[in-house]
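Down below is the structure, laid out as structure tokens.
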Amino acid sequence: MIKAVIFDFDYTLGDSTAGIALSVNYALEKLGIEPRGIPEIRRTVGLTLKETFKALTGRTDEAERFTALFREKADEVMTANTVLYPDTVAVLKALREMGFKTGIVTTKYRYRIEQILDKFNAAELIDVIIGAEDVKAEKPVPEGLLAAISRLGADSALYVGDSIVDAQTAANAGVDFAAVLTGATVKADFDVYNKICAAENLTVIYKEIIAAVQC
């Protein structure tokens with residue numbers, strides 16, 4: 001029986017593409033590297049910043065500097081350029097009303113998630129947030145997800161995410177997974193992973209959760 005529902009953030013609960021692109025290209029330009037287009041940047045969302053730099057440039061030598069420059073710009077633009085999906089707040093409210101505990105485990109920084117939730121008056125809908133600054137090893141290492149489950153005091157949980165990294169994280173943690181298809185990963189890519197569903201939005205996943213609980 002699922003007791004807690006824990007979410008990734010980017011392309012799961014919301015869309016930060018505009019803020020991410022501004023921050024990525026600011027950092028690249030400061031390093032003397034040509035800016036990248038939205039489609040290329042979009043495919044890196046959910047990776048760590050060091051992995052993002054490698055994916056975009058094929059390099060690792062200035063990944064630390066890239067990370068620092070990204071954060072510098074993101075502190076200015078990320079919250080203002082992030083939106084929640086239209087059904088996010090409604091689904092979170094419905095889960096809380098049904099008695100589920102809720103959490104977020106993300107490669108974004110925890111303080112950034114807190115800012116975004118405050119912007120949309122949704123902070124009270126999330127019980128725990130585990131961000132990049134809270135773990136020694138990021139996804140797909142399950143450290144953050146296991147920490148969230150522990151803090152929630154839940155003996156069973158569902159992790160909801162949009163990427164293969166999220167599916168691997170759930171598998172590594174030994175918890176159920178649901179894929180939401182609002183990111184760059186297509187349904188077929190999730191076929192090799194155990195999951196309760198691969199759905200087009202959070203509303204459908206919520207209905208799957210309720211159906212599973214009522215069985």
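Per-structure values
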quantity: Candidate set: region 56-96, residues that are under 20 Å from the mean Cα position of the chain (by Cα) and part of a loop (DSSP other than H, G, I, E, B); chosen: the one farthest from PRO35 (Cα to Cα); calculated: ASP87
quantity: Output for region 198-215, where each listed residue is buried (at least 18 other Cβ atoms within 10 Å of the Cβ) and under 18 Å from the mean Cα position of the chain (by Cα); calculated: ALA198, ALA199, LEU202, ILE205, TYR206
quantity: Hits in region 1-27 - residues which are under 30 Å from GLY99 (Cα atoms), aliphatic (A, V, I, L, M) and not in a loop (DSSP other than H, G, I, E, B); calculated: ALA4, VAL5, ILE6
quantity: Answer from LYS101, LYS93 - the residue that is in contact (Cβ under 8 Å) with a residue 60 or more places away in the chain and not aromatic (Phe, Trp, Tyr); calculated: LYS101
quantity: Enumeration of residues in region 28-55 that are in a helix (DSSP H, G or I), touching a Ser or Thr at 6+ places or on another chain (Cβ under 8 Å) and either under 18 Å from GLU138 (Cβ atoms) or not charged (D, E, K, R) (or both); calculated: LEU28, ILE38, ILE41, LEU49, LYS50, GLU51, THR52, PHE53, LYS54, ALA55
quantity: Which listed residue is in a helix (DSSP H, G or I) and closer than 19 Å to LEU202 by Cα, from ILE116, ILE129, ILE149; calculated: ILE116
quantity: Condition broken by GLU51, with the remaining ones in (1) surrounded by fewer than 18 Cβ atoms within 10 Å (Cβ to Cβ); (2) assigned by TED's automatic domain parsing to the domain that holds ALA179; (3) of a type outside the set (Lys, Arg) satisfied; calculated: (2)
quantity: Residues (farther than 21 Å from THR17 by Cβ and surrounded by fewer than 22 Cβ atoms within 10 Å (Cβ to Cβ)) located in region 159-189; calculated: GLN168, ALA171, ASN172, GLY174, VAL175, ASP176, ALA188
quantity: Single condition ALA63 does not satisfy, out of (1) hydrophobic (A, V, I, L, M, F, W, C); (2) in the same structural domain as GLU133 (by TED's automatic domain parsing); (3) more than 22 Å from ALA199 (Cβ to Cβ); calculated: (2)
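The values are calculated or read from the model by the stated rules, or taken from the named source; none is laboratory data. All figures in this text were calculated on a predicted structure; none of them were measured in a lab. Glycine gets a Cβ as well: all are built from the backbone with ideal geometry, and neighbour counts include every protein chain shown.
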